[in-house]
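Inspection log for the structure reproduced underneath, given as C-alpha cells.
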Amino acid sequence: MRRDQNLAIIGAVVTGAVIATGLVMLLIARVSPQFGAGVRAAAVDVVTPLWSVVRAPFDGLGRGIDMASGYFGAVHRAEQLEAEVARLRARLQAAEADQIAFRQLSRLGRLENPQRRLVATARIVSASQGTAVQTALIAAGRNQGVRPGQPVIAAKGLIGRTIETGLGSSRLLLLTDPQSRVPVLVQRTGQAALVSGDGGPLLVLTDQAGPQDPLQRGDRLLTSGEGGIFPPGVPVGVVTDAAEPIRVRPAASPLGAGFVRIEAAYAALPATADTLPITDAPVPVEAQRVGGIKGTVRGIDAPAGGGQG
Amino acid sequence: MRGAAPPLRLMNPRERRRFWLGHWRLGLPALSVLGLLLLATAPLPLSLPLMPPLGLLGVFVWATFQPGLMPPWLAFLLGLVADVLLAMPFGVNATLFAAVAGFVRWFESRYGHHTHGFDWAMAAGVVAAHALLTAQLMTLASHPVPLAPLVLQWLTSLFAYPAVAALCGWLQRAVFGARTAT
C-alpha cells in the first residue's frame, strides 16, 4: 500500500517536473526565438523527402488527368490564345518603350535599382494545415543556397518567405500565418499598406498610408519592395471585401503552386551598420541614430538640413 | 510497469531483466503517435486549416487505453517532436501533451475507466482545452495566434477521434494480443 502511494507521489512529481520544463522552454523560446534551430532544420530534412515521395504518384495521376482533359477543347483554346498573343504583342511594344524611358530616367536620377536574383527553383512538398503556425515545406535548402529570410514566389504571385533551412529542404512562412507581414501597394491608387494573415484562407489589409482613397472590391495589391525582403511588383492578392476589416484573397495558393522561385532578399536594410555598433537585437531603422543618443535620426532628421535654411 | 511488480532491489536478475526488457512496450504508443504526427504534416488540398491535432488525439487515446504506456514524460518527448514538426515554439505541445497524459491518468485512477462515448466527449473537452491553452502558450512564447482556426480544428477532431481510437485499439490488439484490449 505504502509503495503504491510512493509510486503515485513520484509519478505526480515527475509530471510536475516535466510540465515545468515545458514552461521553462517556452520562456526560453520567448527570449531567443532561434533556440533549437539546428534540430528544426534536421526535422525539415526528414519530413520533406517523405512527403515528396508519398505525393509523387498523386501528382503523376493529377498531371495525367490534366493532359487528358487538355485534349478536349484544344482547338478552341488555341484560337483564344492566338487572339491574346496579338493583344499582348501590342502591349509589349508599349512596355519596351517604357523600359527605355525608365532606363534613361534612372540614369538621370542616379537611381540604384537592386536586381532580383534567383537562388533556387523548387517544388512545394506540403503546406501544413490546421496548425497554429501556417508553413509549407519546399525541396531546396542550404545546399542550394537557400537561407532564412528569402522571398518565395510562385507563377501567380507571392507565397511567403523562408524561415528554417535544412540541407536539402526548407520551411517557409505562408502569407496566411498571423506572423506574416508584407508591405504592399494598391495598384490602382498607389497607396501603401500592410497585408497580414490571421490563420484563415484570406489575408487582412491594415495600416494604410498615403492618400485615403477608399479601396474597391477587385483592387490588386503588389509588393512595394519596402522592408528589404520581398522584391517590388509581385502580385500579393485581390481585395474581396473593402469594408473593415479589409479582406484580401491571396494571388497564389501554396496548395496548387507546384514549383516556386526562391530569390535572394531584395535589398538589405541601408548600411547604417558601419557607423553603429552592431547589437544582437534588431533595432528599427527609425530608432537608429547617428552618433549616439543626441544625434540625428537617419532618414528623418538628416535630409531635413535644407528645410531649416 | 504495473504496480504488481516487486521493488527493483528485491528482484532476482531474471526478474530484473524482464522488468527492464518489458519497457519495449512503451515503443508502440510512442511510434504510433510519431506516425500520427507525421500524418498531421500531410499535404491536404484544402484552403481551410482542417487537419485535426492527430498527435494530441493519439496521446489521449493511449493514455485512456494504457495509462502505463503513456506516462507524462513520454508525452513530453512526443510533444517536443510535435513542436518541431509543426514549427511551433519549443514547449507548447510538450507542456500540453504531458498535461493531457497526467490529467487522464489522474482522472481514470480516481473515477475509473469509461465507455467509448464518454471518452469521446472527454476527448472533445480535452481538444478544446488544448486549443485554448495553445493560444495562451503561443502568446507566452511571443507568437500570438488567433483562435478561429483552432476552432475549426476542434470540429474536425470530433470526427477524427473514433478513427484514431480504432487505429490504436487495433495496434494494441495486434502487438500485445487480444486479451490486453480494454
Quick numbers on the protein assembly as shown, Rg and Dmax over C-alpha atoms in Å, give 27.6, 96
Amide hydrogen neighbours beyond the local backbone of residue A:125, cut-off 5 Å, H modeled: A:137, A:138, A:139
Using only the alpha carbons of segment B:74-135, determine the length spanned along each of the three principal axes and report them from longest to shortest in whole angstroms. 35, 20, 16
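Return the average number of partner chain Cβ atoms within 10 angstrom of each residue Cβ along peptide B:35-42.
Partner-chain Cβ atoms within 10 Å, mean over residues of B:35-42: 4.
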Give the span of segment A:141-197's Cα atoms along each principal axis, as three whole-Å numbers ordered largest to smallest. 42, 23, 15
Residue B:51's amide H: which non-local residues (gap 5+, or another chain) put their own amide H closer than 5 Å, with H modeled 1.01 Å from N in plane and none for Pro or chain starts? A:130
Relative to chain B, whose Cα atoms define the longest principal axis, helix B:72-85 and its Cα axis are tilted in degrees, nearest 10, by 40 degrees
Using the basic label-point model (7 angstrom from Cα toward the beta carbon), what is the residue A:24 to residue A:55 distance in nanometres? 3.9 nm
Amide H neighbours of residue A:157 under 5 Å, at least 5 residues apart or on other chains, H built in the peptide plane: list them. none
Largest first and rounded to whole Å, the semi-axes √(5λ) derived from the alpha carbon gyration tensor of segment A:95-196 read 31, 19, 11
Rank-order A:47-59, B:81-93 by packing density, defined as the average count of other C-beta atoms within 10 Å over each peptide's residues, highest first. B:81-93, A:47-59
What list do you get for A:84, A:112, B:15 if you sort them by fewest beta carbons within 10 Å? A:112, A:84, B:15
By average C-beta atoms within 10 angstrom, highest first, the peptides A:149-160, B:133-144: A:149-160, B:133-144
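Only the coordinates and a few stated rules stand behind these numbers; no lab work does. Remember, predicted model here, so these are calculated numbers, not experimental data. Quick reminder, even Gly has a Cβ in these numbers, built from the backbone with ideal geometry, and neighbours come from all protein chains shown.
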